[in-house]
Amino acid sequence: MAELVAERGDALVRYATLLSGDEEEARDMVQDALAATFGRLRNGFEVEQAEAYVRRAIANRFLDRARRGQRWRRIAPLVGERERLDSGSTLTGERLDMAARLQRLSPRERACIVLRYDEDRTVEQIATELGISAGAVKRYLSDALAKLRGILEREQGRLQREERSPGGTS
């Protein structure tokens, strides 16, 4: 376990942060996943094999937490989500903006997007990792990309209006 944490710990935390949007929660998810994974694994696993188990455990913990907190997220204002992301996070610039956008997706959509575009996984790998069909992964990716496209278009329109207005910042 020490070897995995030393070699891939930061990458695991980044992965969990993109899923959860909160670095502190991400660190907790990684810690829980490591404890659960290494509590069951026997010695002799290579770092790459152990990392795959831990990543799956992180995704499962994220989805479990998302289900438990679903009621709260329905009433939490988006501004509050952005403030939570901004406070103390090591994400910067475009990654912070994208992390905020990802928070507007459903947990499964977010997991599929992060695995596909940040972790560069294939549809089949994502399906295996999340325990769903390849068709479901494709649907989640399609829906998520459509939502993200809409979010980006609205943001761009808002910026253009601000630039054209007399009080704009151009």
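Could you check the range 115-126 and list, in sequence order, the residues that are in a helix (DSSP H, G or I) and either touching a residue at least 24 places away in the same chain (Cβ under 8 Å) or within 13 Å of Arg55 (Cα to Cα) (or both)? Passing the criteria: Leu115, Arg116, Asp118, Gln125, Ile126. Residues in the range 1-43 that are among the acidic types (Asp, Glu), over 15 Å from the mean Cα position of the chain (by Cα) and closer than 25 Å to Glu109 by Cβ: 1 in all. Checked against (1) in a helix (DSSP H, G or I); (2) free of Cβ contacts under 8 Å to residues at least 40 places away in the same chain, Leu148 passes all but a single condition, namely (2).
Only the coordinates and a few stated rules stand behind these numbers; no lab work does. Every value quoted in this text rests on a predicted model; they were computed, and no experiment measured them. Cβ sites come from the backbone with ideal geometry, for glycine too, and all protein chains shown count toward neighbours.
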